[in-house]
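Report on one structure; see the data block that follows.
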Amino acid sequence: MYDYHVLLQKYALGNFKEFVREMGRTPAMLVFLDGIQNTRFDPNENYPRELLQLFSVGLYMLNPDGTYKLDGQGNRIPTYDQAKIGEFTKVFTGWSQCTNAQNPACANIVLGAPNFIDPMVLLYPDDHDQTAKSLFNYPGAPNPVIAACTNCTNNANRRAYAEDSLNRTLDNIFNHPNVGPFVAKLLVQHLVTSEPSPAYVGRVAAAFNNNGSGVRGDMKAVVKAVLLDLEA
């Protein structure tokens, strides 16, 4: 867990997208949520499901103040369904612990011990799903569809495709309108009060969406908004 906590300290007040990217690539997360067994031949949903449900968009569509959006019958609107989980799962197939001593990225290998320090890599690039992926398609969504790989004829191209797919997917999730209010409400609940007003959540969400300089996901600005709000 040591390197996991180091990354928490390093990225907690950085940008949320980079924070999610780096935490999702830690061997601790990879092993704990069975990502190491997630291949295109035997996909595992654990990490992508928790990434969406617990760390980014949540289960239901939200208003900017964290309250639920409702349909015409007064029901909450799901953010995704089982089919969408399957699409996101494809993106995270094939990643593994860095155990190849010939790979310069695996700098912290110790003979006879698992490598829980170096970020995950594609040891076997053909384990990554090379078909098209259908992601979130909200208004203005970047990369709602990731095209199938057309040149995955060697490992270098497969690795490049997998890395590009991961970056595109994180952009797609990061810019979802739910992320600001979802993260804002959780932080207020954990740092200040379990029952924040919608107005309080809305102000913190606004800081997530724009730190005042046009930057989205600046966690230092978000935490400042949480702790210095009049309701705090």
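None of the figures in this text is laboratory data; all of them are computed from the coordinates on show. As the structure is a prediction and not an experimental result, all values here were calculated from the model.
General observations
- Measuring between their Cα centroids, region 112-184 and region 57-100 lie 15 Å from each other.
- Calculated [θ] (222 nm, deg cm²/dmol) that DSSP helices of n ≥ 4 give over the chain, each run adding -39,500 (n - 2.57): -13000 deg cm²/dmol
- Under 20 Å of direct C-alpha separation, and excluding same-chain neighbours fewer than eight residues apart, K84 reaches these lysines: K69, K133.
- With a threshold of 30 Å on the Cα-Cα distance, the over-threshold entries among K90/K220; K90/K224; K10/K90; K17/K90 are K90/K220; K90/K224.
- Helix 46-55 and the longest principal axis of the Cα set of the chain meet at an angle near 20°.
- Between helix 82-91 and the chain: long-axis angle, C-alpha atoms, 0 to 90°, nearest 10: 50 degrees
- Three-way shape call for region 1-129 based on the alpha-carbon gyration tensor, with the a/c threshold at 1.5: oblate
- Added length on full extension, which subtracts the Cα-Cα distance from 0.36 nm per residue, N137 to A107: 6.9 nm
- Kirkwood Rh (inverse of mean 1/r, distinct Cα pairs), the chain, angstrom: 18.8 Å
- Extension gain for V223 to D42 (0.36 nm times residue separation, less C-alpha to C-alpha distance): 61.2 nm.
- Seen against the Cα atoms of the chain and their longest principal axis, helix 179-191 is set at about 70 degrees.
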